[in-house]
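The values are calculated or read from the model by the stated rules, or taken from the named source; none is laboratory data. Since the structure is predicted, the reported quantities are computational estimates derived from the model, not experimental observations. Cβ placement follows ideal geometry from the backbone for every residue including glycine, while neighbour counts extend to all protein chains displayed.
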There are 2 protein chains.
Amino acid sequence: MPHPFDPGYCREPFVTLCREYPGTEAYPASRFRIEWGPIFHRGRLDGSARVLVIGQDPAQHETVIRRILVGEAGRRVQGFLAKLGIFRSYVLVNTFLYSVYGSVNSAARKNPDLIAYRNRWLDAFIIGQQVEAVVTLGDLAAEAWQFWKATPNGQATNITSAAIPHPTQPESSSKGDKTKLAAATKAMLKKWNTGLQLLAPAIQHPDQAVQLALYGDAFQDGDRLPIPEEDMPAGLPSWMHEQDGWARRVGADDQKKRANITITVPKTALP
Amino acid sequence: MPHPFDPGYCREPFVTLCREYPGTEAYPASRFRIEWGPIFHRGRLDGSARVLVIGQDPAQHETVIRRILVGEAGRRVQGFLAKLGIFRSYVLVNTFLYSVYGSVNSAARKNPDLIAYRNRWLDAFIIGQQVEAVVTLGDLAAEAWQFWKATPNGQATNITSAAIPHPTQPESSSKGDKTKLAAATKAMLKKWNTGLQLLAPAIQHPDQAVQLALYGDAFQDGDRLPIPEEDMPAGLPSWMHEQDGWARRVGADDQKKRANITITVPKTALP
């Protein structure tokens with residue numbers, strides 16, 4: 001049984017970008033979990049991407065896998081992309097290389113080194129490439145895109161973009177309240193539909209021509225799709241991309257919790 | 001501050017090898033920790049290796065980093081290679097793709113699919129390449145090398161090889177007894193010296209010409225060297241290659257322990 005994988009950072013400009021990532025000069029340790037190292041992307045680095053997605057920041061599953069958007073948010077993004085006929089020709093990058101710790105303030109978001117380095121990735125994905133549409137997930141990603149649009153490269157580029165709410169914004173905002181969750185999900189999916197309708201005409205070369213099927217009031221079968229094995233580094237076990245919730249930050253106090261990632265192999269993957 | 005890294009499996013034959021790794025048909029789950037996925041190598045895949053090292057099996061640090069020999073055994077191997085003037089022109093592969101669980105029996109070691117797949121890696125490293133010497137760590141690795149030597153490719157190849165004890169054999173055999181540990185280390189280093197004296201003349205193109213300095217009765221300063229950042233996948237935090245002991249298998253019973261890897265960021269790496 002063959003195991004497709006993402007080879008990662010094999011060629012320029014990504015080799016140099018991955019050598020030159022910023023640390024605390026751009027990402028203060030008080031606001032970012034720099035101790036886990038940067039997590040750069042997910043998806044196609046070979047120039048075949050038709051859609052660029054800008055997410056927000058990685059969490060603990062991303063930290064183990066070393067690819068972004070591999071949890072529930074990622075599954076919702078896969079579903080959104082599929083509704084545009086995009087099944088593999090995408091590339092995902094985050095607003096932040098490191099997980100946000102606590103909250104991000106305006107100074108942190110506007111750090112010029114942080115922005116400049118991120119803009120090099122956006123240049124690499126867009127300039128001279130075949131991306132036809134850009135999707136940003138949440139306000140910080142929308143801002144990241146606007147910062148790039150303000151650069152000379154950005155000003156010279158005319159590309160359709162849609163700013164949609166972050167995929168797990170309903171969960172973040174409702175904090176366990178099921179009624180609020182349902183309402184927030186419904187509101188988000190309405191905005192996602194607006195995004196789909198804006199982007200679909202711009203995608204001239206989908207992986208598969210699909211009839212645009214808008215979201216309903218809640219996630220239905222097929223709206224959330226698996227993270228493809230092809231997006232994983234070589235050799236990762238299948239449960240890492242097939243299942244969620246297997247990585248947790250555990251600890252008796254904040255400092256212990258910050259220092260921890262606990263990986264638990266799902267029962268179904270054990271003999 | 002630039003961060004060199006190992007790009008991994010970017011070209012053939014490694015892309016195909018990493019797609020086609022065997023699972024339980026070659027590695028029964030009762031004897032191997034297949035749930036963590038295969039871990040393939042460490043070091044140069046670009047044909048520049050002058051020394052091939054065959055280790056035994058990966059453990060939990062390897063499982064997180066996704067490169068082999070990154071713990072104490074790896075540090076001892078780096079020191080051994082340095083004594084041969086080899087600082088980067090090496091490639092390391094294991095006898096087994098997966099961590100041994102319990103013990104390996106003869107049937108497991110002689111599984112034809114297991115051996116055939118491993119031989120493809122050895123072919124890739126040796127045939128038409130510039131490896132000048134082979135080192136095997138422990139009996140199972142020595143056997144793996146003999147199995148390859150018995151193949152048509154192996155029989156057609158004349159290359160200097162040395163079988164040396166596995167780097168942490170003293171720890172394994174002495175089980176906490178310090179007197180036994182000292183004696184076992186002394187005995188191992190004597191055999192390592194025999195290996196050095198056998199291999200050194202075969203290495204025509206060291207990274208640096210060095211005077212052969214044999215081991216004493218115990219590990220001294222400089223005998224154990226850091227795992228190079230250049231051998232790590234892109235973006236891993238420095239403490240992962242600079243420090244040891246940050247990954248443990250933790251659990252109240254065997255099954256829970258088998259399902260677990262607990263990662264703890266060293267205090268020095270936290271704000």
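Kindly indicate whether B:PRO228 is surrounded by 13 or more Cβ atoms within 10 Å (Cβ to Cβ), in contact (Cβ under 8 Å) with a residue 40 or more places away in the chain, out of contact with any helix residue (DSSP H, G or I) (no Cβ under 6 Å at 6 or more places or on another chain) and closer than 16 Å to B:GLN78 by Cα. Spelling it out, B:PRO228 is indeed surrounded by 13 or more Cβ atoms within 10 Å (Cβ to Cβ), in contact (Cβ under 8 Å) with a residue 40 or more places away in the chain, out of contact with any helix residue (DSSP H, G or I) (no Cβ under 6 Å at 6 or more places or on another chain) and closer than 16 Å to B:GLN78 by Cα. The set of residues in region B:192-242 being within 14 Å of chain A (Cβ to nearest Cβ), of a type outside the set (D, E, K, R) and not in a loop (DSSP other than H, G, I, E, B) consists of B:SER238, B:TRP239, B:MET240, B:HIS241.
Summed over region B:163-200, residues that are of a type in the set (A, V, I, L, M, F, W, C) and in contact with a strand residue (DSSP E or B) (Cβ under 9 Å, 6 or more places away or on another chain) total 8.
The set of residues in region B:82-93 that are more than 15 Å from B:GLY8 (Cα to Cα), in contact with a Leu (Cβ under 8 Å, 6 or more places away or on another chain) and either buried (at least 23 other Cβ atoms within 10 Å of the Cβ) or of a type outside the set (Phe, Trp, Tyr) (or both) comprises B:ALA82, B:LYS83, B:LEU84. For region A:64-78, the count of residues that are in contact with a strand residue (DSSP E or B) (Cβ under 6 Å, 6 or more places away or on another chain), surrounded by 24 or more Cβ atoms within 10 Å (Cβ to Cβ), small (Gly, Ala, Ser) and not in a loop (DSSP other than H, G, I, E, B) is zero. Of everything in region A:179-233 that is of a type in the set (Gly, Ala, Ser) and out of contact with any Ser or Thr (no Cβ under 9 Å at 6 or more places or on another chain), the residue that is farthest from A:SER161 (Cα to Cα) is A:GLY222.
Only residues that are touching a residue at least 60 places away in the same chain (Cβ under 8 Å) and not hydrophobic (A, V, I, L, M, F, W, C) were counted in region A:1-36, giving 16.
Can you name every residue in region A:37-68 that is of a type in the set (A, V, I, L, M, F, W, C) and touching a residue at least 40 places away in the same chain (Cβ under 8 Å)?
Within region A:37-68, A:ILE39, A:PHE40, A:LEU45, A:ALA49, A:VAL51, A:LEU52, A:VAL53, A:ILE54, A:ALA59, A:VAL64, A:ILE65 meet the criteria.
With respect to A:ILE115, determine if the residue is in a loop (DSSP other than H, G, I, E, B), under 29 Å from A:GLU25 (Cα atoms) and at pLDDT 95 or above. Against the criterion (in a loop (DSSP other than H, G, I, E, B), under 29 Å from A:GLU25 (Cα atoms) and at pLDDT 95 or above), A:ILE115 does not qualify.
Taken as a whole, the structure places B:GLU62 among residues that are under 21 Å from A:THR63 (Cβ atoms) and of a type in the set (D, E, K, R). Which one is nearest to A:PHE147 (Cα to Cα) among residues in region A:29-56 that are facing chain B (nearest Cβ under 9 Å), crowded, with 19+ Cβ neighbours inside 10 Å and of a type outside the set (D, E, K, R)? Within region A:29-56, the match that is nearest to A:PHE147 (Cα to Cα) is A:PHE40. Applying the set (1) free of Cβ contacts under 8 Å to residues at least 12 places away in the same chain; (2) of a type outside the set (S, T, N, Q); (3) over 21 Å from B:LEU236 (Cα atoms) to B:LEU81 leaves exactly one unmet item: (1). With respect to the conditions (1) of a type outside the set (D, E, K, R); (2) surrounded by fewer than 24 Cβ atoms within 10 Å (Cβ to Cβ); (3) part of a helix (DSSP H, G or I), B:HIS61 falls short on a single one, namely (2). The set of residues in region A:41-79 being within 15 Å of A:ALA141 (Cβ to Cβ), hydrophobic (A, V, I, L, M, F, W, C) and touching a Phe, Trp or Tyr at 6+ places or on another chain (Cβ under 8 Å) consists of A:VAL51, A:LEU52, A:VAL53, A:ILE54, A:ILE68.
Any residue in region A:110-117 that is among the aromatic types (Phe, Trp, Tyr), in contact with a helix residue (DSSP H, G or I) (Cβ under 6 Å, 6 or more places away or on another chain) and surrounded by 15 or more Cβ atoms within 10 Å (Cβ to Cβ)? No, region A:110-117 contains no residue that is among the aromatic types (Phe, Trp, Tyr), in contact with a helix residue (DSSP H, G or I) (Cβ under 6 Å, 6 or more places away or on another chain) and surrounded by 15 or more Cβ atoms within 10 Å (Cβ to Cβ). Within region A:34-74, the set of residues being among the basic types (Lys, Arg) and in contact with a helix residue (DSSP H, G or I) (Cβ under 7 Å, 6 or more places away or on another chain) comprises A:ARG42, A:ARG67. When the residues of region B:1-28 are filtered to those that are of a type outside the set (D, E, K, R) and not in a loop (DSSP other than H, G, I, E, B), which remaining residue is nearest to the other protein chains (Cβ to nearest Cβ)? Within region B:1-28, the match that is nearest to the other protein chains (Cβ to nearest Cβ) is B:CYS18. Residue count for region A:31-55 satisfying the condition of being of a type outside the set (A, V, I, L, M) and farther than 23 Å from B:GLU242 by Cα: 10. Applying the criterion of being among the aliphatic types (A, V, I, L, M) and facing chain B (nearest Cβ under 8 Å) to the residues of region A:251-270, the residue that is farthest from the chain's Cα centre (by Cα) is A:LEU270.
Within region B:81-109, the residues that satisfy the criterion of being touching a Pro at 6+ places or on another chain (Cβ under 9 Å), closer than 19 Å to B:GLN211 by Cβ and among the small types (Gly, Ala, Ser) are B:GLY85, B:SER89. Inspect all residues belonging to region A:234-245 and state whether any of them is among the hydrophobic types (A, V, I, L, M, F, W, C), within 30 Å of A:ILE159 (Cβ to Cβ) and touching a residue at least 12 places away in the same chain (Cβ under 8 Å). Checked region A:234-245: no residue is among the hydrophobic types (A, V, I, L, M, F, W, C), within 30 Å of A:ILE159 (Cβ to Cβ) and touching a residue at least 12 places away in the same chain (Cβ under 8 Å).
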